[in-house]
2 protein chains.
Amino acid sequence: MTTNRQFKLAARPVGMPKRTDWTVVDEPVAEPKEGEVVVKVLYLSLDPAMRGWMNEGKSYIRPVEIGEVMRADSVGIVTASKSARFKTGDHVVGTLNVQQHAVVPEKAITRVDPRLAPLPVYLSTLGMPGMTAYFGLLETGKLKDGETVVVSGAAGAVGQVVGQIAKIKGCTVVGIAGGADKCKYVKEELGFDACIDYKAEDVKKALRTHCPKGIDVYFDNVGGDILEAALANLARHARIVVCGAISQYNNAGPMKGPANYLSLLVNRARMEGMVVFDFADRYAEAAKEMGGWMAQGKLKSREDIVEGLDDFPEKLLMLFRGENFGKLVLKVADA
Amino acid sequence: MTTNRQFKLAARPVGMPKRTDWTVVDEPVAEPKEGEVVVKVLYLSLDPAMRGWMNEGKSYIRPVEIGEVMRADSVGIVTASKSARFKTGDHVVGTLNVQQHAVVPEKAITRVDPRLAPLPVYLSTLGMPGMTAYFGLLETGKLKDGETVVVSGAAGAVGQVVGQIAKIKGCTVVGIAGGADKCKYVKEELGFDACIDYKAEDVKKALRTHCPKGIDVYFDNVGGDILEAALANLARHARIVVCGAISQYNNAGPMKGPANYLSLLVNRARMEGMVVFDFADRYAEAAKEMGGWMAQGKLKSREDIVEGLDDFPEKLLMLFRGENFGKLVLKVADA
């Protein structure tokens, strides 16, 4: 009988999560019922949003309950199937959670093709981060060709895709990232016009230099001081896409709101929140277009693959320390 | 020779403006040149926005310079004309500034009809505050019939119009105002469904009670804690119209940004700034529709008329203390 190691939520963290906020439990893998499949998890997505799922209270998705297996998106391989739609050996993606094996209904998973892209890419540019970038920029951000686009977390899962799509659309693109290596990558490999190292530069001043006509679209993954720096440099009718606020998720006290939000008034600008799930019926359309760009070499996808389910709590914290470079993915098992 | 008393900006205030931030100067009224008219100011509009005009730095309009006559909208009567478009005795509205007599080019003023509405109404519901309410609610706010609308400063110049238009559109309307008298007026005279007294009630809780399905449009005139209370009660796809932030204009330190702005993300909501000038080519259209509503008794306009140009600095402060009840207008002279 196969054992299934799981991370169950044990406590709601205050500030940074720590190992004791989860309990590690080994249980036998359940037998699939009719219409269910068993999936062996190969790669597990580590996302900033996971921090929010650990909190109580109303959000865009229900919180993970105490005692429940921690939520995560994963790619895996089908090891047993009582579904007509999936067979053993199929590769699938879905919300399979922080564990080695998931028993799920067939509707909870989608087949992916490892010949078209390496499996981790389905948690990255061809997965939720890519969809978030695509719909956030084009739909919520209402990007127009040739505009000036700024994206924070530019070397991260969402940011790398936002900037590259904006370049494909003929925009001037400025990234914001932490450290010279990331900035070099963003400019030289991904082709952004500029990248501001927020650890070394005055972001507000640097934005003024790189965006002399102001920012048309600011795609915000970080919140805090960088959001204020962007607000201070908006063009008229700018759109701010509120995708995340990673700088604020682990505050033990209240979050910091943007003190200069009246820049929205001065510039007749808009700040709008987006949740990728709202675009679920268009994922296939976006995946097709982005897959095409990848095949043409116009869209690169970088994943930062770390290993070991047992180190899940520590690996997750890499995100909040800005230690990942590209989409952070935890490798759980070999295929 | 007629003397013209003027309030010229003498200093940029820190915190609340005070009398010494202006210099009172008496000068002879200049002769009009070709195409100019002389207007005797009768009523002068006191607006929260005036505080912003006293600050240095980029805004939606250039600051008043030190030594320049303080900017204000006014209604007056033409006393001399070298324009073919205006004759002595015409009543006009325009940015005539804080003074007794203005010499202005003909394009700076618009004729108004005192038989259709009392003159102060042209600084109120049929003036900039009414236009701000109309376009802010219907265009920026994208109001749909039957939605739940909340407006702060509900007994003020803009708020009273916002709520009444929303009622005309079949919406559920909740006002927020300071004091039992204002709330009574807002409910009983203006017909709002409810009014929350922010001086006596927990606004966040009261909004939850009065807006059980959440707020679809929040029209914000005040910012600060009340903006946060509204953010905490948004419906999905809500729109926040950022019109002003009177609670924050006199902060000596930085403004307070909304700490819970991620409610925009959770609710896929939008916060958008508006400046009424952008709709200048549609003022006539709005005035016609609102004039019609006034004639039918569906739209009431309340002005709070105080007297005496010499007391301009003290009367202006009434706005920031919430002492005005309806549109605050300073009577400068009899017709």
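The values are calculated or read from the model by the stated rules, or taken from the named source; none is laboratory data. Only a predicted model underlies this, so the values are computations on that prediction, with no experimental measurement involved. Here Cβ is always computed from backbone atoms with ideal geometry, including for glycine, and neighbour counts include all displayed protein chains.
The conditions of being under 20 Å from the mean Cα position of the chain (by Cα) and surrounded by 20 or more Cβ atoms within 10 Å (Cβ to Cβ) are met by residue B:153. Filtering region A:288-318 to residues that are of a type in the set (Asp, Glu) and surrounded by 18 or more Cβ atoms within 10 Å (Cβ to Cβ) leaves A:303, A:304. Within region A:196-218, the set of residues being more than 14 Å from residue A:186 (Cβ to Cβ) and either polar (S, T, N, Q) or in contact with a His (Cβ under 9 Å, 6 or more places away or on another chain) (or both) comprises A:209, A:216.
Scoring residue B:207 on the criteria (1) part of a helix (DSSP H, G or I); (2) closer than 22 Å to residue B:131 by Cα leaves a single failure, condition (2). Of all residues in region A:19-56, those being touching a Pro at 6+ places or on another chain (Cβ under 7 Å) and over 15 Å from residue A:8 (Cβ atoms) number 7.
All conditions in (1) at the interface with another protein chain (Cβ under 9 Å from one of its Cβ atoms); (2) farther than 30 Å from residue A:107 by Cβ; (3) out of contact with any Phe, Trp or Tyr (no Cβ under 7 Å at 6 or more places or on another chain) hold for residue A:208, with the sole exception of (1). Consider region B:256-278 and keep the residues that are within 15 Å of the chain's Cα centre (by Cα) and more than 7 Å from chain A (Cβ to nearest Cβ). The one that is farthest from residue B:235 (Cα to Cα) is B:277. Checking each residue of region A:53-60 against the condition of being of a type in the set (Phe, Trp, Tyr) and touching a residue at least 60 places away in the same chain (Cβ under 8 Å) gives at least one match.
Among the residues of region A:56-70, is there at least one that is in contact with a Ser or Thr (Cβ under 7 Å, 6 or more places away or on another chain), more than 21 Å from residue A:120 (Cβ to Cβ) and not aromatic (Phe, Trp, Tyr)? So far as region A:56-70 goes, no, none of its residues is in contact with a Ser or Thr (Cβ under 7 Å, 6 or more places away or on another chain), more than 21 Å from residue A:120 (Cβ to Cβ) and not aromatic (Phe, Trp, Tyr). Restricting the first member to region B:27-39 and to residues that are within 19 Å of residue B:333 (Cα to Cα), and the second to residues that are in a loop (DSSP other than H, G, I, E, B) and of a type outside the set (A, V, I, L, M, F, W, C), the beta-carbon pairs closer than 8 Å and six or more apart or on different chains are B:28/B:2; B:29/B:2; B:37/B:82; B:37/B:83; B:38/B:32.
Within region B:255-264, restricting attention to residues that are surrounded by fewer than 22 Cβ atoms within 10 Å (Cβ to Cβ) and touching an Asp or Glu at 6+ places or on another chain (Cβ under 9 Å), which residue is modelled with the lowest pLDDT? Residue satisfying both the conditions and the ranking: B:256. Against the definition (without any contact (Cβ under 8 Å) to a residue 24 or more places away in the chain, within 14 Å of another protein chain (Cβ to nearest Cβ), within 19 Å of the chain's Cα centre (by Cα) and within 26 Å of residue A:53 (Cα to Cα)), how does residue A:245 come out, yes or no? So residue A:245 does not fit the description; no. When each of B:81, B:59 is tested for being assigned by TED's automatic domain parsing to the domain that holds residue B:24, among the small types (Gly, Ala, Ser) and touching a helix residue (DSSP H, G or I) at 6+ places or on another chain (Cβ under 6 Å), the lone residue that passes is B:59.
Considering only residues in region B:279-292 that are among the charged types (D, E, K, R) and in contact (Cβ under 8 Å) with a residue 12 or more places away in the chain, the one that is nearest to the other protein chains (Cβ to nearest Cβ) turns out to be B:282. Any residue in region A:73-93 that is crowded, with 24+ Cβ neighbours inside 10 Å, closer than 21 Å to residue A:8 by Cα and either in contact with a Lys or Arg (Cβ under 6 Å, 6 or more places away or on another chain) or not polar (S, T, N, Q) (or both)? Taking every residue of region A:73-93 in turn, at least one turns out to be crowded, with 24+ Cβ neighbours inside 10 Å, closer than 21 Å to residue A:8 by Cα and either in contact with a Lys or Arg (Cβ under 6 Å, 6 or more places away or on another chain) or not polar (S, T, N, Q) (or both). The set of residues in region A:212-226 that are part of a loop (DSSP other than H, G, I, E, B), under 29 Å from residue B:55 (Cα atoms) and more than 9 Å from chain B (Cβ to nearest Cβ) comprises A:212, A:213, A:214. Annotation: residue A:60 fulfils all but one of (1) assigned to a loop (DSSP other than H, G, I, E, B); (2) more than 14 Å from chain B (Cβ to nearest Cβ); the unmet one is (2).
How about region B:25-57: which of its residues are among the acidic types (Asp, Glu), over 22 Å from residue B:319 (Cα atoms) and not in a strand (DSSP E or B)? Result: B:31, B:34. Select from region A:85-124 the residues that are hydrophobic (A, V, I, L, M, F, W, C), in a loop (DSSP other than H, G, I, E, B) and within 20 Å of residue A:46 (Cβ to Cβ) and list them in ascending order. Within region A:85-124, A:96, A:98, A:112, A:117 meet the criteria.
In region A:228-254, the residue that is farthest from residue B:59 (Cα to Cα) out of those that are surrounded by fewer than 20 Cβ atoms within 10 Å (Cβ to Cβ) and touching a strand residue (DSSP E or B) at 6+ places or on another chain (Cβ under 8 Å) is A:237. The residues of region A:83-96 that are over 16 Å from residue A:2 (Cβ atoms) and not aliphatic (A, V, I, L, M), listed by number, are A:83, A:85, A:86, A:87, A:89, A:90, A:91, A:94, A:95.
Restricted to helices (runs of 4 or more DSSP H) entirely inside region A:125-201, those with at least 1 residues that are more than 24 Å from residue A:289 (Cβ to Cβ) are A:180-184.
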